[in-house]
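Below you'll find the structure, written out as structure tokens, and then a few comments.
The values are calculated or read from the model by the stated rules, or taken from the named source; none is laboratory data. This is a predicted model, so every value here is computed, not measured. Positions of Cβ are backbone-derived with ideal geometry, glycine not excepted, and every protein chain shown enters the neighbour counts.
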Amino acid sequence: MAAYVAAVSRHKKASQQPFSLTGRVGSVERALTPEGFVMIDGELWRASARGGVEVGRGESNVRVVGARGHLLEVEPLD
């Protein structure tokens, strides 16, 4: 059962999806130091803070400004 849950949770994301997320706002789920995880539209994504800025969990929402493969590039909202 645990193996099934792990496999489903790591499903392959559609290759075009990261580009359609540009401009979306999400919340930091694991601190971006500078890489971590963000939640966007109910889906967890690996993300990197643009410019190497550290963003803590719950500290700030972030906006998607680009992507490299399945790694989103984000920046904190002011």
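Taking (1) at pLDDT below 90; (2) surrounded by 14 or more Cβ atoms within 10 Å (Cβ to Cβ); (3) touching an Asp or Glu at 6+ places or on another chain (Cβ under 8 Å) in turn, V55 satisfies each apart from (3).
Checking each residue of the range 21-31 against the condition of being in contact with a Leu (Cβ under 9 Å, 6 or more places away or on another chain), surrounded by 12 or more Cβ atoms within 10 Å (Cβ to Cβ), assigned to a loop (DSSP other than H, G, I, E, B) and modelled with pLDDT under 80 gives no match.
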